[in-house]
Amino acid sequence: MSYDSNIRQGEPGEDDIKIEKIEVDFAIPAFISGEQMHRLANLIEEIARAPKNTPVNGVHWQSGSGSKPQWSQFDAGFLGKKVDPKAPATGEPTFDDSILYFETSAREK
């Protein structure tokens, strides 16, 4: 069985847009209820698990949510994340509590 994250279980629609991130910058600090956060998490899970976003012979799911992690350069490289040149070389992550962060993961079945 082979795994290629570019070959999907379904085809995107004609009006679908290819993205890697969704970011929202609120003009002022905003509050989110637990119910709203739950609906947002469910929507992200729905997007990740859609056939057009799921690799053949693979799975794609929401794997994390909470405060946005700030990784060291070593950890970011190890995790395959974008390395921030201003981040410390090593050390424990810190978390930005002002940013609600969701992430997904994909792997071979």
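Just one of the listed residues (Glu14, Glu35, Glu45, Glu23) is exposed (fewer than 12 other Cβ atoms within 10 Å of the Cβ) and within 17 Å of Thr104 (Cα to Cα), and it is Glu23. When region 1-33 is limited to residues that are charged (D, E, K, R) and more than 17 Å from the chain's Cα centre (by Cα), the one that is modelled with the lowest pLDDT turns out to be Asp4. With respect to being among the polar types (S, T, N, Q) and within 29 Å of Gly13 (Cα to Cα), Thr104 fits the description. Residues in region 1-33 that are within 17 Å of Ser98 (Cβ to Cβ) and touching a residue at least 60 places away in the same chain (Cβ under 8 Å): Pro29, Ile32. Is it the case that Val59 is among the aliphatic types (A, V, I, L, M), in a strand (DSSP E or B) and more than 13 Å from the chain's Cα centre (by Cα)? Considered against the rule, which asks whether it is among the aliphatic types (A, V, I, L, M), in a strand (DSSP E or B) and more than 13 Å from the chain's Cα centre (by Cα), Val59 comes out as yes. Gln36 fulfils the conditions (1) without any contact (Cβ under 8 Å) to a residue 60 or more places away in the chain; (2) in a helix (DSSP H, G or I); (3) within 16 Å of the chain's Cα centre (by Cα) except for a single criterion, (3). Only a single criterion out of (1) more than 13 Å from the chain's Cα centre (by Cα); (2) exposed (fewer than 14 other Cβ atoms within 10 Å of the Cβ) is not satisfied by Pro88, namely (2). Just checking, does region 86-104 include any residue being touching a residue at least 40 places away in the same chain (Cβ under 8 Å) and either aromatic (Phe, Trp, Tyr) or in a loop (DSSP other than H, G, I, E, B) (or both)? Checked against the condition, which is being touching a residue at least 40 places away in the same chain (Cβ under 8 Å) and either aromatic (Phe, Trp, Tyr) or in a loop (DSSP other than H, G, I, E, B) (or both), region 86-104 yields at least one hit.
Residues of region 52-82 that are buried (at least 16 other Cβ atoms within 10 Å of the Cβ) and touching a Gly at 6+ places or on another chain (Cβ under 6 Å): Ser72 alone. Restricting attention to region 43-53, does a residue exist that is free of Cβ contacts under 8 Å to residues at least 12 places away in the same chain and among the polar types (S, T, N, Q)? No.
Only one of the numbered conditions (1) at pLDDT below 95; (2) aromatic (Phe, Trp, Tyr); (3) in a helix (DSSP H, G or I) is not met by Phe74, and that is (1). Exactly one residue out of Val59, Val83 is free of Cβ contacts under 8 Å to residues at least 40 places away in the same chain and of a type in the set (A, V, I, L, M), and it is Val83.
The values are calculated or read from the model by the stated rules, or taken from the named source; none is laboratory data. In this text, all values refer to a predicted model and were calculated from it rather than measured experimentally. All Cβ positions, glycine included, derive from the backbone under ideal geometry; neighbour counts span all protein chains shown.
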